[in-house]
1. For the stretch 127-136, check the following and say yes or no: at least one residue is modelled with pLDDT of 80 or more, within 30 Å of residue 93 (Cα to Cα), of a type in the set (S, T, N, Q) and surrounded by 17 or more Cβ atoms within 10 Å (Cβ to Cβ).
2. Is it the case that the stretch 83-103 has a residue that's of a type in the set (Lys, Arg), in a strand (DSSP E or B) and either within 19 Å of the chain's Cα centre (by Cα) or farther than 24 Å from residue 147 by Cα (or both)?
3. Cβ-Cβ under 8 Å, sequence separation 6+ or interchain: first residue in the stretch 49-68 and small (Gly, Ala, Ser), partner part of a helix (DSSP H, G or I). Which pairs?
4. Count, please, the residues in the stretch 70-111 that happen to be closer than 21 Å to residue 34 by Cα, open to solvent by 40 Å² or more (accessible area, probe 1.4 Å), in contact with a helix residue (DSSP H, G or I) (Cβ under 7 Å, 6 or more places away or on another chain) and basic (Lys, Arg).
5. Scan the stretch 100-120 residue by residue and report those that are of a type in the set (A, V, I, L, M, F, W, C) and either at pLDDT below 95 or under 23 Å from residue 45 (Cβ atoms) (or both).
6. Give me the residue from the stretch 156-177 that is surrounded by fewer than 17 Cβ atoms within 10 Å (Cβ to Cβ) and among the hydrophobic types (A, V, I, L, M, F, W, C) and, out of that set, farthest from residue 191 (Cα to Cα).
7. Just for the stretch 15-31: of the residues that are open to solvent by 20 Å² or more (accessible area, probe 1.4 Å) and not in a strand (DSSP E or B), which one is modelled with the lowest pLDDT?
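The values are calculated or read from the model by the stated rules, or taken from the named source; none is laboratory data. This one's a predicted model, so the numbers in the text were calculated from it and none came from an experiment. FYI the Cβ positions are ideal-geometry reconstructions off the backbone, even for glycines, and counts take in every protein chain you see. Ligands, DNA and RNA are stripped out before the accessible areas are found, and what is left, the full protein with its side chains, is counted by its heavy atoms. Shrake-Rupley method; radii C 1.70, N 1.55, O 1.52, S 1.80 Å.
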Amino acid sequence: GAFGYQRMQSKLRNFLAAGRYWDLDQANAFPSLLAWRAREEFGDDAGVPLLDSYVAERRAICAQHGFQKRELLMVLHADELVSNKKDVAKGKVYVTRAWLKRFHDEKVALCKRLHAKLAPSWPHNYPETNGSNPLSSWLSKYLQHFENECVQKVADHLGVDSIGALMFDGLSVDKEAVPEVDVEALAALTAPITWALKPTETDIVVPDDFDD
């Protein structure tokens, strides 16, 4: 049920959700989680100015340096970058933007520090089974733990029975059970992670003569 719903193409999911569900999403989830954990573990010595600037001003940074959010997320989940499309392979992402290359260097350095500090004793440690991308794979699973904690806090706060589906870094929430969603109140529960209501409008129209 929930897994199939979250994997749907967005227009179809919005068609099913419109008028019935809120689409509640962690804002800028993985970059925000990574910046938070960097500060928690290393304080002012975190050494992540590019990550901090992206979290604070995502749209401006993307516009200034000419890349899309999706490109940064690919870099965030890659151990290695390549500058030639012929070299693209599993675990290797093709990137030409200088800012993204610097961001990747910063992220790899941080990831190595986190791994060295936490991997031996991390209570939710995971085996590094991704041979082509081991460091970023470990980082992803580490951040997913906190992502899941935030989702669970919000689900408990809104009432588990009101949740239509858990969706990666968000939730589908029944509008009848929860007529209004206060994203600022939710942010207070999961600080410094914030929340956004995604639009559920759709241009899909069912013909009047449709026979189900």
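1. Yes: one or more hits.
2. Taking the stretch 83-103 as the starting set, the residues that turn out to be of a type in the set (Lys, Arg) are 85-86, 90, 92, 97, 101-102.
Filter once more, so that each one left must be in a strand (DSSP E or B): 92.
Subsequent filtering for residues that are either within 19 Å of the chain's Cα centre (by Cα) or farther than 24 Å from residue 147 by Cα (or both) retains 92.
Yes, because at least one residue in the stretch 83-103 is of a type in the set (Lys, Arg), in a strand (DSSP E or B) and either within 19 Å of the chain's Cα centre (by Cα) or farther than 24 Å from residue 147 by Cα (or both).
3. 53/61
4. Adding up the residues that qualify gives 1.
5. Filtering the stretch 100-120 for residues of a type in the set (A, V, I, L, M, F, W, C) gives 100, 103, 108-111, 114, 116, 118-119.
Across the stretch 100-120, the qualifying residues are 103, 108, 109, 110, 111, 114, 116, 118, 119.
6. Here the answer is 177.
7. Taking the candidates together, the pick is 15.
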